[in-house]
Amino acid sequence: SQKIEQNSEALNIQEGKTATLTCNYTNYSPAYLQWYRQDPGRGPVFLLLIRENEKEKRKERLKVTFDTTLKQSLFHITASQPADSATYLCALLTGANNLFFGTGTRLTVIP
Amino acid sequence: DAGVTQSPTHLIKTRGQQVTLRCSPKSGHDTVSWYQQALGQGPQFIFQYYEEEERQRGNFPDRFSGHQFPNYSSELNVNALLLGDSALYLCASSLPDSRRGYTFGSGTRLTVV
């Protein structure tokens, strides 16, 4: 069956450290992988997209890697801040232009 | 620039009833997707509409149906509500080429009692 798994439900880190979130998938052949941020009671907000032929993508303090052999993406937030506390969702965009989400990881940055 | 607008924001229904949720997409977007998000879970894909037709459907029963209007707005209908239908229902809009990401509304919180 198709699965998109994010390594942990919750992750706590100290302010200033780098947060690393993992997304693993099975039985998908995504054209693109996306990461979203979701705050409580709100809809997800698009952060970054990485193509299957790209190894790494950066945007300000965010970095995403994509390994289609391992079927894994890593999402990094450097110099984390309390304002980064949220749930982060990975999502796979298929060739049919449908977006399928992982289970999410709730990140808490401790001051 | 208005983003995605969903109504109502909250709704309480009784088991067995029917409900209609509404969504207005972001200006310039013509594709609308609906998701169900249970507490503590990721959004689950229900279906996607483009050019007023259902283009793709997730693993949801026929009790879930939808519609897209010529102005690209959309409705989600759920019949014969079950307690398990209680969730946050999210609408997302995009261009047909979804590589720029989806824009989500804040959702409708449906509670079935």
Exercise for review: Select, from B:Tyr35, B:Tyr72, B:Tyr49, the only residue that is within 14 Å of chain A (Cβ to nearest Cβ), touching a His at 6+ places or on another chain (Cβ under 9 Å) and buried (at least 21 other Cβ atoms within 10 Å of the Cβ).
Suggested key: B:Tyr49
Study note, to complete from the structure: Only one of A:Lys71, A:Lys63 is free of Cβ contacts under 8 Å to residues at least 40 places away in the same chain, buried (at least 16 other Cβ atoms within 10 Å of the Cβ), more than 14 Å from chain B (Cβ to nearest Cβ) and of a type in the set (Lys, Arg), namely A:Lys63
Exercise for review: For segment A:40-59, indicate whether the set of residues that are open to solvent by less than 50 Å² (accessible area, probe 1.4 Å), among the β-branched types (Val, Ile, Thr), part of a strand (DSSP E or B) and more than 14 Å from B:Pro43 (Cα to Cα) is non-empty.
Suggested key: yes
Check your understanding: Given the structure, is A:Ile110 more than 14 Å from chain B (Cβ to nearest Cβ), closer than 21 Å to B:Gly101 by Cβ and among the β-branched types (Val, Ile, Thr)?
Key -> no
Exercise for review: Within segment B:75-109, work out how many residues are more than 15 Å from B:Ser33 (Cβ to Cβ) and within 14 Å of chain A (Cβ to nearest Cβ).
Suggested key: 3
Check your understanding: Across segment B:10-31, what is the number of residues that are farther than 12 Å from A:Leu99 by Cβ and either within 12 Å of chain A (Cβ to nearest Cβ) or outside any strand (DSSP E or B) (or both)?
Key -> 13
**Study point:** Within segment A:27-46, considering residues that are touching a residue at least 40 places away in the same chain (Cβ under 8 Å) and among the aliphatic types (A, V, I, L, M), the one nearest to the other protein chains (Cβ to nearest Cβ)
**Key:** A:Ala31
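The values are calculated or read from the model by the stated rules, or taken from the named source; none is laboratory data. Quick caveat, the model's predicted, so the values are computed rather than measured. We place every Cβ from the backbone using ideal geometry, glycine too, and count neighbours over all the protein chains shown. Ligands, DNA and RNA are stripped out before the accessible areas are found, and what is left, the full protein with its side chains, is counted by its heavy atoms. Shrake-Rupley method; radii C 1.70, N 1.55, O 1.52, S 1.80 Å.
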